[in-house]
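Have a look at the structure below before the remarks.
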Amino acid sequence: MNQLQERIEQSRKMANDDPDNELGHFRLGQLLIEAGQYEEAIQSLRRTLELSPQFSKAYQLLGTALKEAGKRDEAVEVLKKGYEIADERGDHMPRDAMANLLVELGEPKPQPKRSADDVAAGDGFRCKCPRCFAGKNARRLPKPPLPDEMGKRIQENICASCWNLWLGDVSVKVINEYRLDLSTERGQQMYDQAMLEFFGLQ
């Protein structure tokens, strides 16, 4: 079993053991796309969006999987919806990636309704975590939660409630399901990747 297949099996186990954990389904879908297994990736990413319908990156990957599977019309529908959600949330990277995918599928390039300046001027701080429900009431972390650049990035983009959810619940599941040894470089890399995916910052 190669390393990619091993990671797929780990993510499949995580998704099966905790069917309501969108991170497990998202990670599985991402890896299945990498392996060219588009039909199963579509199922995993649809489940991700059932659990977290504001997860703009999941729309991008689902659109990619549908496109690669030859399901053009479904891909266009998903990408258009995902583009609107990403634009509204201020998730510019997946928004722009979905715009490019739509052009590749022969659709006109959609135009954003909100610029980065509009978001900053209109709402102030906005948590970027796809599962954040705090909205305008999101509270900034008082200081970076980690003593490095990643900690600064989290403080700038993630609210205190979402950080506490990660630290107190989701990170424990990730460590247990993947059996991560955080004393190793590989274990720490997998942990960091899962954290960035959870926060929508990958």
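Just for the stretch 52-91: of the residues that are surrounded by fewer than 23 Cβ atoms within 10 Å (Cβ to Cβ) and aliphatic (A, V, I, L, M), which one is nearest to P130 (Cα to Cα)? The extreme case among them is I85. If you go through the stretch 156-194 and keep only what is within 16 Å of R140 (Cβ to Cβ), free of Cβ contacts under 8 Å to residues at least 40 places away in the same chain and not in a helix (DSSP H, G or I), you end up with just C159. V103 meets all of the listed conditions (1) farther than 24 Å from Q60 by Cα; (2) hydrophobic (A, V, I, L, M, F, W, C); (3) modelled with pLDDT of 90 or more; (4) exposed (fewer than 15 other Cβ atoms within 10 Å of the Cβ) but one, namely (1). R72 passes every criterion in (1) of a type in the set (K, R); (2) at pLDDT below 95; (3) under 29 Å from K109 (Cα atoms) apart from (2).
Within the group L66, L23, L4, which residue is closer than 25 Å to C127 by Cβ and of a type in the set (A, V, I, L, M, F, W, C)?
Details: L66 fails: closer than 25 Å to C127 by Cβ; L4 fails: closer than 25 Å to C127 by Cβ.
Of the residues listed, the single one that is closer than 25 Å to C127 by Cβ and of a type in the set (A, V, I, L, M, F, W, C) is L23.
So which of D91, D73 ends up being out of contact with any Asp or Glu (no Cβ under 9 Å at 6 or more places or on another chain) and touching a residue at least 60 places away in the same chain (Cβ under 8 Å)? Outline the logic, then answer.
On the way: D73 fails: touching a residue at least 60 places away in the same chain (Cβ under 8 Å).
Residue meeting the stated conditions: D91.
Scanning the stretch 106-142 for residues that are at pLDDT 85 or above, farther than 22 Å from A58 by Cα and surrounded by 10 or more Cβ atoms within 10 Å (Cβ to Cβ) gives R139, R140, L141.
The values are calculated or read from the model by the stated rules, or taken from the named source; none is laboratory data. If you're wondering where the values come from, they're calculated on a predicted model, not measured in any experiment. Glycine gets a Cβ as well: all are built from the backbone with ideal geometry, and neighbour counts include every protein chain shown.
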